[in-house]
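Step one of this worksheet: look at the structure below.
The values are calculated or read from the model by the stated rules, or taken from the named source; none is laboratory data. Worth saying up front: this structure is predicted, and the values here are computed from it rather than measured. For neighbour counting, all protein chains shown are included, and Cβ atoms are generated from backbone atoms with ideal geometry for every residue, glycine included.
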Amino acid sequence: MAASTKLVASDLPIETWTHIIQFLQYSHQIPFLHVSRSFHAIAVRFVFASIRIYLVGKESSEFFAMSYGPPLPSDEILERSMQRSWEILQHIKDNPEFASVVKTIIVVAMADSHSIFEKLCLIQALQAIPRLRSFYWFGRSPELSEGLTASLPPSLRNLSLETVPSPTMLQHLNQITHLRLVHPFYYARNTHDIVHDDHWSEELADSESTVVIVKSMAVTLKELSLVARNVSEMPIRMYSALTTLDICATFNSDVASMELVFRHAPLLECLSLVGHISVDIFSILPNDSTSLPYLRSFRLSCEEVALPVISHEAIRVLSVFLEGRSLLRRLFVRLAGASWYTLSDLLPTIESLVNLEVLGFHAGYRYLEWEDFNQLASLFSSKLKAVHIAIPWNHQDSATIDVNALWPLLFYLGKLPRLTFLHLYGIGRYLPIVPEDLVNEVQHLETVGLNRVLWDVDKSQAEVKLTEWPPWRLKFSVEEDFACPDDAWLMTYH
């Protein structure tokens, strides 16, 4: 019998290790930086492919308090974040090999000053990065300057901003495929409603400049996110080539203008309608699946203040729109002004979507009875990979409701063989469970969440380890932060 041989790391080619490390969780990639030069060279390409730069001040703490509540980033954390940002920028500028691995830059701009020195450092770093693909700018202090935009490479593909800059500042960017302009609201940790950014105004959604910018990028643009007031002001032909469209509706938005999308965007694969959307939306939803025939992702997230009453007829219209969509694999339905009595009419339609793999569902504003939990569980098909469920927990006796009311839900979730991402939200009050409960019941989870708090799940050791995401990381999250684009899609507006 031949002697057994023991496999060692050096027996595997670099390409194999690269493939292995690529699919590890971010927290598991970091240790490879300290193993050897060879492993460092591999891991650095994934650990630093996406970097965050913080331009923040003490007033940032007030923002975090408003949007998340405790725990707040301390002065020490803010200082350490800024110092680390400067170190990364310097390393990019001084080390061309390191600069070549950076593909995404996320800037959190919430400083108490103009941050002249910090912006100059960022400009130098941008000029040193040869293959930057994505650039995100969260916040408006300091503002995005002409010097910064001039340093963005013409090869940039993904651009996300919170204000609309002068079109001349972006005219050299002729390969943009994904454009997001302004974001007028956010979701706070301790409320299920959206909260308007007090520093946002309609003037920031400069319609004239938005139209000019989008027209200048029309040749390559495939994915667009904008506010509802800009929808009708866009040239109709601009919609014909889009595959992804997100529309954020502020107060008093003209919902009727969204009908343009259903008639003039035949190639859309992903559509999100979010915010203060009135019941008028149900009068313009197409009555069959021949409209938007390539639709693979659909999100309808409407606030309670905009939807005081959801009728059975409205649910019927939504059902007709969804029925027969065999390509649909991601669905998010949030009708905050609906009761379970009417929402339950939608369940058979959702169950009939045979290729659904990603589901977000808001169970309305009224508390659920025991039998309702079993009915809700009927949504869970074996194909689901990522799930977000918002559950009313606001019964007058909710403090004494037996937690066992949730177990039918967890039991069915635990039977899903492909489920790796789960986020539950308690409407009215927090659900009386902890993330460990979810991890124990659902065996294959890689990320778990409760009330807009996420934990990475590490099962590599005998004892399961949960690592909580800092709230500011989740607040300014991008697709690269998640293990899967589907997970990011579920949490984009939540």
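Remarks
- For the range 41-78, a residue qualifies if it is modelled with pLDDT under 80, in a helix (DSSP H, G or I) and either among the small types (Gly, Ala, Ser) or within 30 Å of Ser100 (Cα to Cα) (or both), and the qualifying residues are Ser60, Ser61, Ala65, Ser67, Ile77, Leu78.
- Failed item in (1) at pLDDT below 65; (2) assigned to a strand (DSSP E or B), with Leu179 passing the rest: (1)
- Set side by side, the residues Leu359, Leu331, Leu346 differ, and just one is within 28 Å of Thr243 (Cβ to Cβ) and touching a helix residue (DSSP H, G or I) at 6+ places or on another chain (Cβ under 6 Å), which is Leu346.
- Filter result for the condition that a residue is touching a Ser or Thr at 6+ places or on another chain (Cβ under 6 Å) and surrounded by fewer than 20 Cβ atoms within 10 Å (Cβ to Cβ), over Phe251, Phe262: Phe262
- Residue within the range 394-409 that is under 28 Å from Tyr136 (Cβ atoms), touching a helix residue (DSSP H, G or I) at 6+ places or on another chain (Cβ under 8 Å) and without any contact (Cβ under 8 Å) to a residue 60 or more places away in the chain present: no
- Among the residues of the range 205-227, those identified as in a helix (DSSP H, G or I), of a type outside the set (D, E, K, R) and either closer than 26 Å to Phe251 by Cβ or in contact (Cβ under 8 Å) with a residue 60 or more places away in the chain (or both) are Ser207, Ser209, Thr210, Val211, Val212, Ile213, Val214.
- Exactly one residue out of Leu356, Leu335, Leu376 is aliphatic (A, V, I, L, M) and at pLDDT 95 or above: that is Leu356.
- Being surrounded by 17 or more Cβ atoms within 10 Å (Cβ to Cβ), assigned to a helix (DSSP H, G or I), more than 23 Å from the chain's Cα centre (by Cα) and not small (Gly, Ala, Ser) is a condition met by at least one residue of the range 319-336.
- Cβ pairs under 8 Å, 6+ apart, first in the range 445-460 and without any contact (Cβ under 8 Å) to a residue 24 or more places away in the chain, second among the aromatic types (Phe, Trp, Tyr): Trp455/Trp469
- Selected residue (criterion: nearest to Tyr26 (Cα to Cα)) from residues of the range 453-483 that are part of a loop (DSSP other than H, G, I, E, B) and under 11 Å from the mean Cα position of the chain (by Cα): Phe482
- Ile277 in a loop (DSSP other than H, G, I, E, B), under 26 Å from the mean Cα position of the chain (by Cα) and among the aliphatic types (A, V, I, L, M): yes
- Any hit, the range 360-372, residues being part of a loop (DSSP other than H, G, I, E, B), modelled with pLDDT of 90 or more, in contact with a Leu (Cβ under 9 Å, 6 or more places away or on another chain) and closer than 21 Å to Leu318 by Cα: yes
- Scanning the range 427-445 for residues that are surrounded by fewer than 18 Cβ atoms within 10 Å (Cβ to Cβ) and assigned to a loop (DSSP other than H, G, I, E, B) yields a count of 8.
- Across the range 402-426, the qualifying residues are those that are of a type in the set (A, V, I, L, M) and out of contact with any Asp or Glu (no Cβ under 8 Å at 6 or more places or on another chain), and the one among them that is surrounded by the most Cβ atoms within 10 Å (Cβ to Cβ) is Leu422.
- Residues located in the range 484-494, provided they are of a type outside the set (A, V, I, L, M), within 8 Å of the chain's Cα centre (by Cα) and assigned to a helix (DSSP H, G or I): Asp487, Trp489
- Test: residue in the range 301-311 that is crowded, with 21+ Cβ neighbours inside 10 Å and over 26 Å from the mean Cα position of the chain (by Cα): yes
- Search result, residues across the range 90-147 that are among the small types (Gly, Ala, Ser), assigned to a loop (DSSP other than H, G, I, E, B) and in contact with a strand residue (DSSP E or B) (Cβ under 7 Å, 6 or more places away or on another chain): Ala111, Ser115
- The set of residues in the range 126-156 that are within 14 Å of Val102 (Cα to Cα) and touching a residue at least 60 places away in the same chain (Cβ under 8 Å) comprises Ser134, Tyr136.
- Residue selection: Pro417 fails the criterion of being out of contact with any strand residue (DSSP E or B) (no Cβ under 9 Å at 6 or more places or on another chain) and closer than 30 Å to Trp137 by Cα.
- Scanning the range 277-316 for residues being within 21 Å of Arg366 (Cβ to Cβ) and of a type outside the set (Gly, Ala, Ser) gives a total of 16.
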